[in-house]
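J.: The structure under discussion is supplied below as structure tokens; questions concerning it will follow.
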Amino acid sequence: MSDDPCLREEIHLLLDLRAVRDYAPDPVPQAALDDIYQVARWTGSAENRQPWDLIVVRDRAMLDRLGAFPGYADHLGTAPIGIVLVMDGSNEEYAAHDEGRLCERIMLAAAAHGLGSCIGWWNGEGREQARALLGAPPGSIVGAILPIGYPATGHRPMHEELLSGRKEPARKPIADFIRLERYDGERAADGG
């Protein structure tokens, strides 16, 4: 890892991003949401189409209903807010790429404020149920929601866990997944 302290801090933000599924009841500050909105606004997209609208849901009953639809969104149960991504649906291939990119950027912006998040999603009928409940336009893709809030007690950033001597979670060695030039080419040295 770099010796540059500013760069190291930025890399720690990336390394520390973990899925948070249990949240404290504290509200999400508007300043954090404003930064998240700006990050979403400046997130790149295929052909710079920015094919999304975001629905910020704070209503507890609405979050509970959304968490019960088919898919994987039951971790909305303790989140103070959820941000739903509504993709325009005009190009499903682009939408899949752009949705993933936007989710990760929102998660990083939240993490910069000490907030946790985890991608939730609906499948099959769950997508249609969420779209209808939220009043999203016909033809739009409503497949992802990001619960956001302060992590419940006990959550520590990964770099702090590692510095405390805790065993590193299972991850492939770099040499197992980085290949140089071609798939059957030389493997990268394992530096981490």
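The values are calculated or read from the model by the stated rules, or taken from the named source; none is laboratory data. Note that the coordinates shown come from a computational prediction; the quantities given were computed from them, not determined experimentally. Using ideal geometry, Cβ is built from the backbone for each residue, glycine included, and neighbour counts are taken over all protein chains shown.
J.: When the residues of region 5-22 are filtered to those that are in contact with a Ser or Thr (Cβ under 9 Å, 6 or more places away or on another chain) and of a type in the set (Lys, Arg), which remaining residue is farthest from residue 151 (Cα to Cα)?
T.: 8
J.: Can you pull out the residues in region 74-128 that are surrounded by fewer than 23 Cβ atoms within 10 Å (Cβ to Cβ) and charged (D, E, K, R)?
T.: 74, 88, 92, 93, 99, 101, 104, 105, 125, 127, 128
J.: Can you find a residue that is touching a residue at least 24 places away in the same chain (Cβ under 8 Å), outside any helix (DSSP H, G or I), in the same structural domain as residue 133 (by TED's automatic domain parsing) and in contact with a Leu (Cβ under 6 Å, 6 or more places away or on another chain) anywhere in region 39-46?
T.: yes
J.: Shifting gears a bit: So residue 127 ticks every box in (1) in contact with a strand residue (DSSP E or B) (Cβ under 8 Å, 6 or more places away or on another chain); (2) under 21 Å from residue 13 (Cα atoms); (3) among the basic types (Lys, Arg) but one. Which box is left unticked?
T.: (2)
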